[in-house]
């Protein structure tokens, strides 16, 4: 009798221990967590915001890579008020190890460089586990085109890692419902041709097939004129833009050059005068944090849809 | 000279201890010495620090400092040897196409092939690129009969330009958002240093450094002139090419792990000559010593000037190198 009790006790104990272990897929790696990380660091605005909406600030010891390039807006500043910025640009190994971090949420070109000093392989000997932003996986493996599902996948995986699955699922349900009710009430027509203008005067830097704005534009009832450009973000030519004749231009706002300056540049250049978007002065601005994968993508889709289909 | 014999290594050790003690994260000196003492003899000092601090000092800073010493010494002795056999005071390891080959290999690995061998992919591809470039220069020099000093330099420069153009083409064709990865690699950095990688530069540095040290007499003869060297029994053209290949091996392995760090190979031999004169039995070891110390300090600067950011070390060596050359111009003779 005793042995049966003992055995069942041991079995339930081991089952309990086994269920405490979580495995998630991060790009081409499977990462296993024995327990939710206690000292997490996230890089860049959009990734940090994902941590915030899941309510994970007390599992974090800091964030990196924001004030070097973007400014935190009021809403985010409040959210991260208690946390230090460990590095204004991408962190070095020493910064992460010095913070005694055990988890780094970053992406390729969102805090990590391929072949660089900070990668999942180089951080592993220091006991720092890494979860990579899904959209950025295109830099190290073959991946389908970008979609809002990437963002949902990241939230789900973070939920699993930090044991807040219900919160993550609820958030995603909320976003999906919000989006559905919004698009249902929308009067759309033929997909609107949109061009994403990030930066560049001699040649435009834009979002291609594998970058988030393509997915956002499509969710809003448009189509990215550059979606045959099989890259994430990249430089194309103005000729191609003129040829595709977009009906609306989506400006990504960040850094030193303002959205107004970018609009001015396009409006004033005689080479673009025949483009529909210029003739009708149709511009819409997305903030950097809205155009990169993160919770603000929902608002971004609404902003785009409202601008595309202003009735 | 005896001052250098004793003072030099002391300065090196002091520099090493400073390099291990400073960085983005403030670690008190007592902790640093405690960690190092414990590595020599476990539990010698009571552990009052976190594992993170120990990891920083022992697994991040220490390998980095050792790599700095090896790269500094390696590039310096290659520069000194090339300056001897080409009789050109501007000869440097990056001049003869070796580094552009390394850059090509690294860029290919970073932007196009992916890291199919894990962390060692970039160093391996860079090394292969450097050796391939060396073979191309050797081939060109054979075809164009360019084994004299000036013509070898020209062949190297020509090959270097062509390979760099191809490398830039790779950058252009790659993902633009990833191009800053390449820029960082090309500007040089010691951040990738880890203990199990250090064996490769160490072995090559010891073997090739020993080879060069045993031939300082021939190097001296080459600095005087081809005819003089020939009358002293040296197979001039062949010796020049062998020194070039030895230099390529050292440069290739150093560039593979640290990117392109300029001016060390160019300046340090001049400094060595200013300290001990033109005799290569002294210039070679002194170049190695000064190169190691110089790069240690350049790395300290790179890690502290804009802390917690890590400045590419090539920027530091570039500024110091440029200033050095302005000063050198002010002197009468080179």
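The values are calculated or read from the model by the stated rules, or taken from the named source; none is laboratory data. Small disclaimer: the values here were computed from a predicted structure and weren't measured. Neighbour counts run over all protein chains shown; Cβ positions are idealised from the backbone, glycine included.
Condition check: closer than 28 Å to residue B:139 by Cα, part of a loop (DSSP other than H, G, I, E, B) and either away from every other protein chain (no Cβ under 14 Å) or free of Cβ contacts under 8 Å to residues at least 12 places away in the same chain (or both). Does residue B:233 satisfy that? For residue B:233, the condition - closer than 28 Å to residue B:139 by Cα, part of a loop (DSSP other than H, G, I, E, B) and either away from every other protein chain (no Cβ under 14 Å) or free of Cβ contacts under 8 Å to residues at least 12 places away in the same chain (or both) - is met. Of all the residues in the stretch A:97-120, those that are within 9 Å of chain B (Cβ to nearest Cβ), closer than 24 Å to residue B:183 by Cβ and touching a strand residue (DSSP E or B) at 6+ places or on another chain (Cβ under 9 Å) number 5.
Mind checking whether some residue in the stretch A:26-41 is farther than 30 Å from residue B:190 by Cβ and modelled with pLDDT under 90? Among the residues of the stretch A:26-41, not one is farther than 30 Å from residue B:190 by Cβ and modelled with pLDDT under 90, which makes the answer no.
Taking the criterion of being within 14 Å of another protein chain (Cβ to nearest Cβ), buried (at least 17 other Cβ atoms within 10 Å of the Cβ), under 28 Å from the mean Cα position of the chain (by Cα) and part of a helix (DSSP H, G or I), would at least one residue in the stretch B:5-17 satisfy it? No: the stretch B:5-17 contains no residue that is within 14 Å of another protein chain (Cβ to nearest Cβ), buried (at least 17 other Cβ atoms within 10 Å of the Cβ), under 28 Å from the mean Cα position of the chain (by Cα) and part of a helix (DSSP H, G or I). Of the listed requirements (1) within 13 Å of chain B (Cβ to nearest Cβ); (2) crowded, with 22+ Cβ neighbours inside 10 Å; (3) farther than 27 Å from residue B:49 by Cβ, residue A:158 misses just one: (1). If you go through the stretch A:57-80 and keep only what is within 14 Å of chain B (Cβ to nearest Cβ) and at pLDDT 90 or above, you end up with A:61, A:62, A:63, A:64.
Condition check ((1) assigned to a loop (DSSP other than H, G, I, E, B); (2) crowded, with 17+ Cβ neighbours inside 10 Å) across all residues:
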| residue | (1), (2) |
| --- | --- |
| B:269 | no, yes |
| B:273 | no, yes |
| B:284 | no, yes |
| B:289 | no, yes |
| B:302 | no, yes |
| B:309 | yes, yes |
| B:323 | no, no |
| B:327 | no, no |
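Of A:123, A:83, all but one fail to be within 14 Å of chain B (Cβ to nearest Cβ) and in contact with a strand residue (DSSP E or B) (Cβ under 8 Å, 6 or more places away or on another chain); the exception is A:123. For a quick check of your reading of the model, give me the residue pairs whose first member lies in the stretch A:187-205 and is within 13 Å of chain B (Cβ to nearest Cβ), whose second is in a loop (DSSP other than H, G, I, E, B) and buried (at least 22 other Cβ atoms within 10 Å of the Cβ), with beta-carbon atoms closer than 6 Å and at least 6 apart or on different chains. Note: pairs meeting the criteria are A:205/A:198.
The helices (runs of 4 or more DSSP H) found wholly in the stretch B:33-120 and carrying at least 2 residues that are touching a helix residue (DSSP H, G or I) at 6+ places or on another chain (Cβ under 8 Å), within 14 Å of chain A (Cβ to nearest Cβ) and modelled with pLDDT under 85 occupy B:51-54. Do we have residue B:225 as farther than 30 Å from residue B:59 by Cα and either buried (at least 19 other Cβ atoms within 10 Å of the Cβ) or modelled with pLDDT under 90 (or both) here? When the stated conditions are applied, residue B:225 passes them. Within the stretch A:232-244, the set of residues being surrounded by 14 or more Cβ atoms within 10 Å (Cβ to Cβ) and either without any contact (Cβ under 8 Å) to a residue 60 or more places away in the chain or out of contact with any strand residue (DSSP E or B) (no Cβ under 9 Å at 6 or more places or on another chain) (or both) comprises A:233, A:234, A:235, A:236, A:238, A:240, A:241, A:242, A:244.
Here's the yes/no breakdown for (1) in the same structural domain as residue A:162 (by TED's automatic domain parsing); (2) surrounded by fewer than 21 Cβ atoms within 10 Å (Cβ to Cβ); (3) touching a helix residue (DSSP H, G or I) at 6+ places or on another chain (Cβ under 7 Å):
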{"position": "A:81", "(1), (2), (3)": "yes, yes, no"}
{"position": "A:98", "(1), (2), (3)": "yes, no, yes"}
{"position": "A:101", "(1), (2), (3)": "yes, no, no"}
{"position": "A:105", "(1), (2), (3)": "yes, no, yes"}
{"position": "A:112", "(1), (2), (3)": "yes, no, no"}
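For the stretch A:194-220, the set of residues classified as more than 16 Å from the chain's Cα centre (by Cα) and either at pLDDT below 85 or surrounded by fewer than 20 Cβ atoms within 10 Å (Cβ to Cβ) (or both) consists of A:199, A:200, A:201, A:202, A:203, A:205, listed by residue number. So which residues in the stretch B:226-249 are over 12 Å from residue B:82 (Cα atoms) and in contact with a helix residue (DSSP H, G or I) (Cβ under 7 Å, 6 or more places away or on another chain)? Selection gives B:226, B:228, B:229, B:230, B:232, B:234, B:236, B:249.
Answer with yes or no whether residue B:150 is outside any helix (DSSP H, G or I), under 19 Å from residue B:243 (Cα atoms) and more than 11 Å from chain A (Cβ to nearest Cβ). Spelling it out, it is not the case that residue B:150 is outside any helix (DSSP H, G or I), under 19 Å from residue B:243 (Cα atoms) and more than 11 Å from chain A (Cβ to nearest Cβ). In the stretch A:256-274, of all residues being touching a helix residue (DSSP H, G or I) at 6+ places or on another chain (Cβ under 8 Å) and either within 20 Å of residue A:211 (Cα to Cα) or part of a helix (DSSP H, G or I) (or both), the one that is farthest from the other protein chains (Cβ to nearest Cβ) corresponds to A:267.
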